[in-house]
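Structure first, commentary second.
The values are calculated or read from the model by the stated rules, or taken from the named source; none is laboratory data. Since the structure is predicted, the reported quantities are computational estimates derived from the model, not experimental observations. Counting neighbours? That spans all protein chains shown, and the Cβs are built from the backbone with ideal geometry, glycine included.
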Ligand SMILES: Nc1ncnc2c1ncn2[C@@H]1O[C@H](COP(=O)(O)OP(=O)(O)O)[C@@H](O)[C@H]1O
Ligand SMILES: [Mg+2]
């Protein structure tokens, strides 16, 4: 695994420092990485880098971390970077908020209040996960085991007032491509 410090500067090439601890290799590269965001601007820069990856458009990303870690904030920056306009509601009450930009369907889930597995079928979640597009899920562990394997898990840990550390773990080749692209 590798720790990469993302500075607040806009361009992804501005990643500074890279403290290698260990690298968990898949057949063709990095499976997991650790990134550091000193402030929310760095979180935004990471979201923008992620948004530039073509592989993102057909993936399921699970977001882990305690209340206030920054899951929704990261998703909001990602949705903005992908071109979503207007108010971006948190799906805490609705469980899912759909978004659409030209050529891309996005679903933002928050399973914090999800407690009835029957809702999985009734609310059409199975269909959503069978559809092409980007699926983002906060509190995936609350989904009662209904979720498929995430392409990428982003686990966010607060390490200070505005500082966050995130562990990126790929579950598929698509996820590995993302980890390589945003944390290489
Ligand atoms: N580096 C950072 N990355 C993300 N959020 C940050 C950061 N620094 C401060 N914050 C703040 O922390 C809060 C995170 O809240 P939120 O995204 O709703 O968390 P979660 O969805 O994980 O419960 C927001 O108020 C956000 O502005
Ligand atoms: Mg949230």
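Here are a few things to note about the model shown:
- Residue match in segment 165-176 (condition: crowded, with 22+ Cβ neighbours inside 10 Å and within 13 Å of ligand 1 (Cβ to nearest atom)): yes
- Residue that is farthest from ligand 2 (Cβ to nearest atom), among those in segment 54-70 that are closer than 20 Å to residue 114 by Cα and under 10 Å from the mean Cα position of the chain (by Cα): 60
- Residue 145 being at positive phi, within 11 Å of ligand 1 (Cβ to nearest atom) and in a loop (DSSP other than H, G, I, E, B): no
- Selection over segment 107-144 of residues that are free of Cβ contacts under 8 Å to residues at least 60 places away in the same chain and more than 16 Å from ligand 2 (Cβ to nearest atom) gives a count of 17.
- Test: residue in segment 73-94 that is surrounded by 14 or more Cβ atoms within 10 Å (Cβ to Cβ), touching a residue at least 60 places away in the same chain (Cβ under 8 Å) and under 18 Å from residue 154 (Cβ atoms): yes
- Residue in segment 71-91 that is part of a strand (DSSP E or B), more than 16 Å from ligand 2 (Cβ to nearest atom), within 17 Å of the chain's Cα centre (by Cα) and within 28 Å of residue 162 (Cα to Cα) present: no
- Here residue 101 passes the criteria (1) farther than 18 Å from residue 152 by Cβ; (2) at pLDDT 95 or above; (3) buried (at least 20 other Cβ atoms within 10 Å of the Cβ) except the one numbered (3).
- Of all residue pairs spaced 6 or more apart or on separate chains, those with beta-carbon atoms under 6 Å, a first member in segment 47-66 that is touching a residue at least 24 places away in the same chain (Cβ under 8 Å) and a second member that is in a loop (DSSP other than H, G, I, E, B) and surrounded by fewer than 18 Cβ atoms within 10 Å (Cβ to Cβ) are 58/132.
- Hey, residue 183 more than 16 Å from ligand 2 (Cβ to nearest atom), farther than 16 Å from residue 62 by Cα and in contact (Cβ under 8 Å) with a residue 40 or more places away in the chain or not: yes
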